[in-house]
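Take a look at the structure set out below.
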Amino acid sequence: MAELSIGILASGAGSNFDAIAAAIDAGRLRARIACVLSNRAGAAVLAKAGTRGIPTRVIEHGTFESREQFDTAIADALDGFGAGLVAMAGFDRVVTATLLRRFPARVVNIHPALLPAFRGSHAQAQAAAYGVTIAGATVHFVDEDVDHGPIILQAAVPVVPGEDEESLRHRILAVEHRIYPQALNWIADGRVEIDGRLVRIRGRRAVADQYLISPAIED
Ligand code: GRF
């Protein structure tokens, strides 16, 4: 199987980009990063990619008349860099069918909540304000609805009583950095099948003997 070439879309700090790049370096993700595209010229992720010698391009959404025109420019750039899979990693734009049609079932995202709870922006703040005691992160395929497509992998973390949103954000990020490279590696290995809303990972079974109770209880 040809090596998977990942095009990363990112707008911010790029810690997920770093985790993906580190997993490739460590041999845990058998893929390469084709490019990092950002809609924000000042995004820290661009410098991080540059340091690793990964090609970057800034495509500012504000210079386009419509989301579709922006998505066409993004898809053209991804094609130009030879990306076979698109990984959104802190990309703060909603993508349209224009992009999804160019990469059918080949666009993935990481969301800092246990979907379908807390879709949209500021998911960690939404979770904290709602009072959930278990939060987490989700890697999913992208469809035309925001934070909605078929779920590949999720991780849960307890919400620590009294912690601020920043602390929760960091603890969720730590599991994001574990699960995003793993989900990408399953895709790279050709083990991920989509069946409607359901995703099957060939050769993997759900863990049936582990659970997280939060707050902790006495047995
Ligand atoms: C992450 O929390 C991700 O789940 C969300 O945006 C954040 C990006 O962080 N979509 P980083 O830029 O990868 O550090």
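The values are calculated or read from the model by the stated rules, or taken from the named source; none is laboratory data. Predicted model only: the values in this text are computed from it and were never measured. Cβ placement follows ideal geometry from the backbone for every residue including glycine, while neighbour counts extend to all protein chains displayed. These accessible areas exclude ligands, DNA and RNA; they are computed on the full protein's heavy atoms, side chains included. Shrake-Rupley method; radii C 1.70, N 1.55, O 1.52, S 1.80 Å.
Observations, loosely collected:
Yes/no per residue for (1) within 14 Å of the ligand (Cβ to nearest atom); (2) closer than 21 Å to VAL192 by Cα; (3) surrounded by 21 or more Cβ atoms within 10 Å (Cβ to Cβ); (4) at pLDDT below 95:
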| residue | (1), (2), (3), (4) |
| --- | --- |
| ARG119 | yes, no, no, no |
| VAL139 | yes, yes, yes, no |
| VAL157 | yes, no, no, no |
| GLU163 | no, no, no, yes |
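- Residue in region 80-96 that is away from the ligand (no atom under 16 Å from the Cβ), touching a Leu at 6+ places or on another chain (Cβ under 9 Å), part of a strand (DSSP E or B) and open to solvent by less than 60 Å² (accessible area, probe 1.4 Å) present: yes
- For region 50-72, the count of residues that are acidic (Asp, Glu), at pLDDT 95 or above and part of a helix (DSSP H, G or I) is at least one.
- Among the candidates ARG106, ARG101, the residue that is farther than 26 Å from ALA174 by Cα and at pLDDT 95 or above is uniquely ARG101.
Results for (1) in contact with a strand residue (DSSP E or B) (Cβ under 9 Å, 6 or more places away or on another chain); (2) free of Cβ contacts under 8 Å to residues at least 60 places away in the same chain, shown as yes or no for each residue.
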site	(1), (2)
ILE59	yes, yes
ARG67	no, yes
ASP71	no, yes
ASP76	no, yes
GLY82	yes, no
ARG93	yes, no
LEU100	yes, yes
ARG106	yes, yes
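- Taking the criterion of being more than 16 Å from the ligand (Cβ to nearest atom) and either part of a helix (DSSP H, G or I) or farther than 19 Å from ALA105 by Cβ (or both), the residues of region 182-192 that qualify are ASN185, TRP186, ILE187, ALA188.
- Picking from residues in region 69-79 that are surrounded by fewer than 22 Cβ atoms within 10 Å (Cβ to Cβ) and among the acidic types (Asp, Glu), the one that is nearest to ARG106 (Cα to Cα) is ASP79.
- Filter pass, ALA135 being surrounded by 21 or more Cβ atoms within 10 Å (Cβ to Cβ), modelled with pLDDT of 95 or more and touching a helix residue (DSSP H, G or I) at 6+ places or on another chain (Cβ under 8 Å): yes
- Evaluated against (1) touching a residue at least 12 places away in the same chain (Cβ under 8 Å); (2) within 11 Å of the ligand (Cβ to nearest atom); (3) open to solvent by 30 Å² or more (accessible area, probe 1.4 Å), ASP143 falls short on exactly one condition, (2).
- Selection status of GLY27, assigned to a loop (DSSP other than H, G, I, E, B) and crowded, with 21+ Cβ neighbours inside 10 Å: no
- The residues on offer are ALA13, ALA47, ALA2, and the sole one that is out of contact with any Ser or Thr (no Cβ under 6 Å at 6 or more places or on another chain), surrounded by fewer than 16 Cβ atoms within 10 Å (Cβ to Cβ), in a helix (DSSP H, G or I) and at negative phi is ALA47.
For (1) outside any helix (DSSP H, G or I); (2) among the charged types (D, E, K, R), each residue gets a yes or a no:
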position	(1), (2)
ARG119	yes, yes
ALA129	no, no
LEU153	yes, no
VAL157	yes, no
HIS170	no, no
ALA174	no, no
TYR180	no, no
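- Test result for HIS148, open to solvent by less than 50 Å² (accessible area, probe 1.4 Å), without any contact (Cβ under 8 Å) to a residue 40 or more places away in the chain and not hydroxyl-bearing (Ser, Thr, Tyr): no
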